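The values are calculated or read from the model by the stated rules, or taken from the named source; none is laboratory data. Everything numeric here is computed off the predicted structure, so don't read it as measured data. Note that we place each Cβ from the backbone using ideal geometry, even for glycine, and neighbour counts take in every protein chain shown. Keep in mind that these areas ignore ligands, DNA and RNA; they rest on the heavy atoms of the full protein, side chains included. Shrake-Rupley method; radii C 1.70, N 1.55, O 1.52, S 1.80 Å.
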Amino acid sequence: MKRNWGTVLLSTVVVSGLTLSACNSNNSGNENGNKAKDETANNVAAAGFPIVKEPIKLKMFTRIAPSNGPFKDMPVFQDYEKMSNIQVEFIEAPTDGFNEKKNLLFASNELPDALYRSGLTPLEAIRYGSGGQLIPLEKLIDAYAPNLKKLMETYPEIRSAITTPEGHIYAIPGIVTVGSARTDKRWMNQAWLKKLNLKEPETTDELYEVLKAFRDKDPNGNGKQDEIPMTARNGLSIVPVMAGSFGLDFQLGYNINLANDKVSIWMGSDKNKELLMYLNKLYSEKLLDQELFTQKEAQYLAKQGTGNTGYFFDQTNNPMLDGKVSDQYIGTAPVKGPHGDRLQLASPVPRDFGAFAITSVNKYPEATMRWIDYFFGDEGSTKLRFGRQGENYELRDGIPYYTDAFLATGNQSKITPYAGGGAPHLISDKVASYINPPQVQEAQKKLDPYMPKIRYAAPMFDEETAQKINVLRNDIDKYYEEQSTKFIAGALSFDKWGEFQATLKKMNIDELQKLYQAAYDNLKKQK
């Protein structure tokens, strides 16, 4: 599952909140209702299986990707039903149109018991939670989710990313602790380096010289100047992958540096000007793909498989394998910038917000919490991602790998809800062999020293703050994207940088920074 790091740069603000007066509306409010809840809770095993003595049924609304088979046919859910004594009926909605169907459920109040792989935004979670359609989960996590609770203790940024300003948790994210699933690797054509007698570049200046050699010295040996020295995903995705060399970070889900607990939005900064000037130099000298601002994802992936690209960025080595050129590439470290900066972009540990939530119609919230918690441990995550041992996978040194026979069927995406992304589970080094093969592991080792200790995800705001941020960012983000594209492509002179800064000021970027500062201060208080 690849990540489009460009989306980090201009991620949509998905923040809001309402008064949490109805957060406990899942309770009936009468004595008989509370008694029934207590009896249900008493029937839930604190540990082990089955989760409940008598079988229960749950309905879960879920997104199904084009590559998936029916959830009811997946080994993980067939086997887990027998283990847990909980039968789940999945209400499947295809990826196309999924959000519309999800919104309709809430609008009509025809709710399932839970939302699985639901992609709830912070806006939706806090809106439907405060409105009483989703229930608060923090007490259920403490009592019935030991795997999730342990992860939240180990990685405190998880709790800060999913907790409302009032202290409630309405949705559980997918959690990624393996670094290689949170980064794009920096793949360089080592065959070209060897042919041209070049070493891996360590600085932005050295990278520039290597790219010039790729352009001019015919490393593919066909007598034509048809090599692509460097490429990236469409548009401004090139900014995040190179920003760390210029001291620019992406904290709180935005273009933000954190230093001494101070928030700094860097879009109008001198460091960002240096970054854009460097990218403009690469683009103007045709060292950076001239189709950068027009190519589609399929074109980008195809270029990786040709072996005719010198330097590109991708989470896995799958596109190269498709082209049988994987041995041609090696992972490299981020290059050091003009001021000694050498940071690596990485997504947060709570990578997929809103992957799971429990609704107010659910009669068995305790059992439901125990049901989902299984997938935040190694055993459950392995079953979810790999299916049945022997039939679908085998263990090698304790790590699950698909068997060769099963790989030959091409049915990997049919047996797991992981395919297509967004499933509520743990992705750790113990269950990531398919996306973390040896070549990717070696590439990740080059990045590990430069990974952030903590990557804060976008915070959850109250409604009033969210409205302010949405208004500010609608204008600021659009303007930044348009002008940065022009700066890189050479359509706008850097003589206009002062005007660019002045316009950001007029758009109240300082006010936006204050709002993020307040959100960060609130996160610090929650620790």
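Observations, loosely collected:
- Between Lys139 and Gln190, full extension at 0.36 nm per residue minus the direct alpha carbon distance yields a gain of 13.1 nm.
- Greater than 25 Å apart at Cα, pairs in Lys271/Lys303; Lys199/Lys446; Lys262/Lys453: Lys271/Lys303
- When only the Cβ of Lys, Arg, Asp and Glu is charged (+1, +1, -1, -1), the dipole of the chain relative to its Cα centre reaches about 320 debye.
- Remark: region 115-182 carries 30 Å² of accessible area per residue (probe radius 1.4 Å; ligands, DNA and RNA excluded).
- The chain - mean residue ellipticity at 222 nm from DSSP helices (-39,500 (n - 2.57) per run, n ≥ 4, rounded to 500): -12000 deg cm²/dmol
- Per atom type, the chain shows carbon and sulfur on 48% of its accessible surface, probed at 1.4 Å.
- Relative contact order for the chain, counting Cα pairs under 8 Å that sit 6 or more residues apart, in percent: 27
- Rolled with a 1.4 Å probe across the full set of protein chains, the surface gives Met277 an accessible area near 90 Å².
- C-alpha long axis of helix 98-108 to longest principal axis of the chain, angle in °: 30
- Simple label model, 7 Å out from Cα along Cβ direction - Ser284 to Asp404, nm: 5.5
- Helix 31-42 and the long axis of the chain differ in direction by around 70°, with both axes built from C-alpha atoms.
- Per residue, in Å², the accessible surface of region 379-505 once ligands and nucleic acids are set aside, probe 1.4 Å: 47
- Volume of the Cα convex hull of region 343-483, divided per residue and given in Å³: 202
- Burial order of peptide ranges 104-111, 472-479 (average beta-carbon count within 10 Å, highest first): 472-479, 104-111
- Under 5 Å, built H, 5+ apart or other chain: amide partners of Glu227: none
- With all protein chains modelled, accessible area of Val210 [1.4 Å, Å²]: 10
- Beta bridges by DSSP in the chain, antiparallel share as percent, to the nearest 5: 55
- Loop GluC sites (Glu not before Pro), region 193-255, which have at most 14 other Cβ atoms in a 10 Å radius of their Cβ (DSSP): Glu202
- Averaged over its residues, region 255-360 has an accessible area of 37 Å² per residue, based on protein heavy atoms and a 1.4 Å probe.
- A DSSP coil position with no more than 11 other Cβ atoms inside 10 Å describes the following trypsin sites (Lys or Arg not before Pro) in region 238-328: Lys296, Lys324.
- Nitroxide proxy distance, nm - points 7 Å out along Cα→Cβ at Gln225 and Glu153: 6.3
- Selection among Pro219, Gly390, Phe313 by position relative to the dipole of the chain gives Pro219 as farthest towards the positive end (Cβ unit charges, Cα centre).
- Using alpha carbons only: equivalent-ellipsoid semi-axes of the chain, gyration tensor based, whole Å: 42, 30, 18
- Sites listed here are GluC sites (Glu not before Pro) in region 414-492 whose DSSP assignment is loop and whose Cβ has at most 13 other Cβ atoms within 10 Å, and the list is empty.
- Mean separation of Cα contacts under 8 Å, 6 or more apart, over the residue count of region 292-372: relative contact order %: 17
- The distance separating the Cα centre of region 340-357 from that of region 71-92 comes to 30 Å.
- Considering only Gly179, Tyr278, Ala519, the residue lying farthest towards the positive end of the dipole of the chain is Tyr278, judged by Cα position with unit charges set on Cβ.
- Axis of helix 438-447 versus longest Cα principal axis of the chain: the two differ by about 70°, to the nearest ten degrees.
- Spin-label pair Phe49/Lys468, simplified geometry with 7 Å Cα→Cβ offset, distance in nm: 5.0
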